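Structure record follows, encoded as structure tokens.
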Amino acid sequence: MNRRSILWISKLVMAVDSKLIRRDFPIFERWSGRNPLIYLDNAATSQKPRAVIEAVSNYYELANANVHRSVHALAEQATELYESAREKVARFIGFADPSEVIFVRNTTEALNLVAQSFARPRLGPGDEIVVSVLNHHSNLVPWQQVAAQTGAELRAIPLTPDLQLDMQAAASLINGRTKVVAITHKSNVLGTIADTVSLTRMAKDVGAAVVIDAAQSVPSMPMNVIELDCDFLAFSGHKMLGPMGIGVLYARRALLEEMPPFLTGGEMVREVSLESATWDDPPLKFEAGTPNVAGAVGLAAAIDYLSAIGMDAIAEHERAMSAATWKRLTQVEGVRCFEPKGGSNGIVSFSLTGIHPHDVATALDSEGVAVRAGHHCAQPLHKTLGIAASVRASFYVYNDADDIEHLIDALRRAREFFGRASTGSSAAGSRPGKRVQ
Ligand SMILES: Cc1ncc(COP(=O)(O)O)c(C=O)c1O
């Protein structure tokens, strides 16, 4: 390991004290020793600090009851915890009205809710839904479905050669036929952050609704739905230190009032007869059945933890981590870097010439370095890049300069292990590592 480069990278990533933060995460104690866990798969899911784990277990030990139903003290406490979690989420995303915060399972469910309850009743032949080639499948397949159900058509904003959304193309794709613009705010492969201000303006100019998939951005940067001026915004608790199985859909109150429910059944109704039912007000209208109360409580604890670090500091830390990783990666033989212009905000995707990404990930794993290999639920993007799969290292608050050096060292050994014979056998492979832009 190169001491000078560690010092240099450390300077870049000092905004967040990752070493101190790491101590709050029991998983790093368990996976320590000769091959400590170098967890670089944060875009898939984050690890959980003790504060979140304890909030969930305390809830089950001390306050577990169903919510919005019974009058006993325990039920009232559970309801109070659940609703104060909703208020905390509303404040965290820019002081939204808590009734505009719907608890769902994850980003995927939130986007399906929007596609089916908002878009489906409004769309028909001749209408268009604008997505982008950056979109995660969760923000693409639900729109494909709704297009097939209604006769509407899908249009995709392409990428520029420097791996950013082509805003000129967007300006002509978003037109009088557009009814929905469904943007992935931060790409889970390239880390590119979409220019939501311009896209929202284009959408509003033609009266289209704006749907933002913020699964990667809410965990890593300050977000304000009022400033974004979006109609819908979706994210998952598990990518932001919170538990799995809890996610959020923010939606404008006026739209929620007009929209039919997504799921129906208990607790989302006001009056039920054998023939029909009337709906409760939002948000409960969209929360049929028993919700994930412990998940909401855990998410609230995660928000407290992230807020104590500061979302600006987290964004800066992620930018610095990816910038430092790109510099080091280009020194590794035969690396092809998918580095967008303007930075990749904590997400670094690359390939190693002549070695399948799954083999690279397996070799890294044997040294305790956890990365993801595959298409990362973004097959159209990989097709655009001309590859089937990539290796992705994604950083979060507990990662530091040492982790980058572990990654680089393990990659060098993988390169040696798989041999150099294939280096240079593809157009992408040349010494040293090559950037794709
Ligand atoms: C950009 C983006 N959108 C949506 C999702 C789907 O999130 P979930 O699996 O929590 O529904 C992910 C998950 O990786 C993502 O990165």
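The single condition among (1) over 25 Å from residue 349 (Cα atoms); (2) within 11 Å of the ligand (Cβ to nearest atom) that residue 188 does not meet is (1).
What about residue 194, is it away from the ligand (no atom under 16 Å from the Cβ), at pLDDT 95 or above and buried (at least 21 other Cβ atoms within 10 Å of the Cβ)? Against the criterion (away from the ligand (no atom under 16 Å from the Cβ), at pLDDT 95 or above and buried (at least 21 other Cβ atoms within 10 Å of the Cβ)), residue 194 does not qualify. All of 234, 209 fail the test of being touching a strand residue (DSSP E or B) at 6+ places or on another chain (Cβ under 6 Å) and surrounded by fewer than 24 Cβ atoms within 10 Å (Cβ to Cβ), apart from 209.
Looking only at residues of the range 44-88 that are out of contact with any helix residue (DSSP H, G or I) (no Cβ under 8 Å at 6 or more places or on another chain) and among the β-branched types (Val, Ile, Thr), we find that the one that is farthest from the ligand (Cβ to nearest atom) is 71. Would it be correct to say that residue 249 is in a strand (DSSP E or B) and either within 16 Å of the ligand (Cβ to nearest atom) or hydrophobic (A, V, I, L, M, F, W, C) (or both)? So residue 249 passes the test.
Scanning the range 210-227 for residues that are more than 15 Å from the ligand (Cβ to nearest atom) and within 21 Å of residue 140 (Cα to Cα) gives a single hit, 210. Filter the range 288-298 down to the residues that are within 23 Å of residue 252 (Cβ to Cβ) and out of contact with any His (no Cβ under 9 Å at 6 or more places or on another chain) and list them by number. Across the range 288-298, the qualifying residues are 288, 296. Pairing residues of the range 230-241 that are of a type in the set (S, T, N, Q) with residues that are near the ligand (Cβ under 8 Å from one of its atoms), at Cβ distances under 6 Å and at least 6 apart in sequence or on separate chains, gives 236/106; 236/107; 236/215; 236/247. The set of residues in the range 377-401 being in a helix (DSSP H, G or I) and under 18 Å from the mean Cα position of the chain (by Cα) consists of 379, 380, 381, 382.
Looking across 275, 257, 271, one residue alone is under 28 Å from the mean Cα position of the chain (by Cα), modelled with pLDDT of 95 or more, away from the ligand (no atom under 16 Å from the Cβ) and farther than 30 Å from residue 44 by Cβ. It is 257.
Scanning for something within 16 Å of the ligand (Cβ to nearest atom), surrounded by 23 or more Cβ atoms within 10 Å (Cβ to Cβ) and of a type in the set (D, E, K, R), does the range 383-395 turn up at least one residue? Checking the range 383-395: at least one residue is within 16 Å of the ligand (Cβ to nearest atom), surrounded by 23 or more Cβ atoms within 10 Å (Cβ to Cβ) and of a type in the set (D, E, K, R).
Here is the figure for the range 89-125: residues that are assigned to a helix (DSSP H, G or I) and within 16 Å of the ligand (Cβ to nearest atom) total 11.
The values are calculated or read from the model by the stated rules, or taken from the named source; none is laboratory data. Everything numeric here is computed off the predicted structure, so don't read it as measured data. Because the Cβ atoms are built from the backbone with ideal geometry, glycine has one as well, and the counts that use them run over all protein chains shown.
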